[in-house]
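Here is the structure we will look at, set down as structure tokens.
Any read-out appearing in this document is the output of simple, stated calculations on the displayed coordinates, not a laboratory observation. Quick caveat: nothing in here was measured; it's all calculated off a predicted structure. Neighbour counts run over all protein chains shown; Cβ positions are idealised from the backbone, glycine included.
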Amino acid sequence: MKKIIALMTIGLFSIPALAADAYGDPFEGWGFVKDDWQVICDNTLTCRAVGYADEGQMATPASILLTAIPKVGLPMGRIQFLPEVSEQSQDNVALWLNGKDYGRLQPSSDGSIYNLTAEQTKQLINHARLNTKIEIKAGSDSWTVSDKGMGAVLLKLDEVQGRVGTPIALVSKSSVRKQTPKSAKQKPVINRASVYTEADHKQLGSSKLAYFQANIDKWINIDDKQFVGSEDTTGSCELVNPKTEIYQRMSKYGSNMLRWDFTTIDATHTLASHMCWQGAYNAANGYWVIDHNKPSQPTLITTSGNDYSDGEISANHKDRGVGDCWNSKTWVWNGTTFAKMTDFSTGMCRGFSGGAWDLPTYVSDVINNDSKTH
């Protein structure tokens, strides 16, 4: 009854008011979340709406992904679920809405993900603001995707891409508020610069290494605003900061966690790294670029990194211990700094080992040059 009343009031309230109990920014982290659905948009304005089985069905997780390109009327739809069906049943997986069979799903090349036809996607969207039982059936087996939050999430997608009140709106064609559909934005272009690789065995000279080790703690400004948390740092580096309790505790035991490491990037730049923090199932390093011409002014890249290899810094973290949801960032060397290359999550924590989908908030085009110097 509550949902019916809400549908009747669509013409009376603004779109944001409809999702007042939702949360999040579509361009950050998990994006805009309402109940069992979320929408995440990247810097090109491509948006991905995802629905899941409710949390009470973790033994049989299922998820729908709708990828919407700006100014393109119909999103691309995909479905996955666990446990997977046998090879013999792959051609008998079907989409059901409110007890009606809407046809077989098309298996992808590996058989673990299924593609919705344009008609199936259209019918699913047409049910977005109704009480809808969304099922995937294969013989006697079935999986359910919750409809809770689908309408609010697709309304938010319409709003972000400028679809509201237009013929290409997903759920807001009749809105009295008219938007102008937005065009897709170009991906940033990064020119990957050459770096020393592990095979080159290029190391700092002993005198320069000793100089860096003796001075690095003086060069790092532990009170810098960037250092204690920003878009790319996501947290303070407590194991570098002598003011923190954990640093003081570790220093009593001469912990290796308080050690600086230095890796040559190229002939004039070195990467300084240090453990920043460690939790129950995540840990992270801080990474600073030292320009040999002005070594006393290291540039902080991130305090959430995990690894550096061949010109890339990566940061991969579980959103909870069982590892069914992750977030990841990557930075690539462009000759002067590490530019952000990717930023994505795998969506909500709903039972898929490693996460259900890759849902980027930031993408780029990287032009690859020779990956090493001599």
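Computed values, structure above
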| read-out | value |
| --- | --- |
| Approximate spin-label separation residue 76-residue 211, in nm, with each point projected 7 Å along Cα-to-Cβ | 5.2 nm |
| Exposure proxy order (Cβ contacts within 10 Å, fewest to most) of 156, 294 | 294, 156 |
| The range 189-367 - percent relative contact order, Cα under 8 Å, separation 6 or more | 19 percent |
| Spacing of the two label points (7 Å from each Cα toward its C-beta) at residue 104 and residue 59, in nm | 3.0 nm |
| Computed helical MRE - 222 nm, the chain, DSSP H runs ≥ 4 contributing -39500 (n - 2.57), nearest 500 | -4000 deg cm²/dmol |
| Shape of the range 69-132, Cα gyration tensor, a/c cut at 1.5 | oblate |
| Calculated FRET value between residue 197 and residue 299, using beta carbons and R₀ = 30 Å, to 0.05 | 0.85 |
| P(r) histogram, all alpha-carbon pairs of the chain included - 10 Å bins from 0, percent | 5, 20, 25, 21, 16, 10, 3, 0 |
| Linear extension gain, residue 180 paired with residue 306, 0.36 nm per residue minus alpha-carbon span | 41.2 nm |
| For the chain, the longest site-free run once chymotrypsin sites (Phe, Trp or Tyr not before Pro) in DSSP loop states with at most 15 other Cβ atoms within 10 Å are removed | 14-252 |
| Amide H contacts of residue 366 (H built 1.01 Å from N, under 5 Å, at least 5 apart or other chain) | 190 |
| Rough spin-label spacing in nm, given labels placed 7 Å along Cα→Cβ, for residue 23 and residue 218 | 4.6 nm |
| Estimated dipole of the range 2-160 in Debye, rounded to 20 [Cβ of Lys and Arg +1, of Asp and Glu -1, Cα centre] | 560 debye |
| Relative contact order computed over the range 2-160 (Cα-Cα under 8 Å; 6+ residues apart), in percent | 23 percent |
| Computed lengthening from residue 88 to residue 292, 0.36 nm per intervening residue step minus Cα-Cα distance | 67.2 nm |
| Hydrodynamic radius by Kirkwood, which averages 1/r over all alpha carbon pairs of the range 2-160, in angstrom | 16.2 Å |
| Residues with amide H under 5 Å from that of residue 148, placed H, sequence gap 5 or more | 36 |
| Kirkwood hydrodynamic radius of the range 189-367, Cα pairs, Å | 17.3 Å |
| Amide H contacts of residue 240 (H built 1.01 Å from N, under 5 Å, at least 5 apart or other chain) | none |
| Relative contact order of the chain, pairs being alpha-carbon contacts under 8 Å that are 6 or more residues apart, as % | 15 percent |
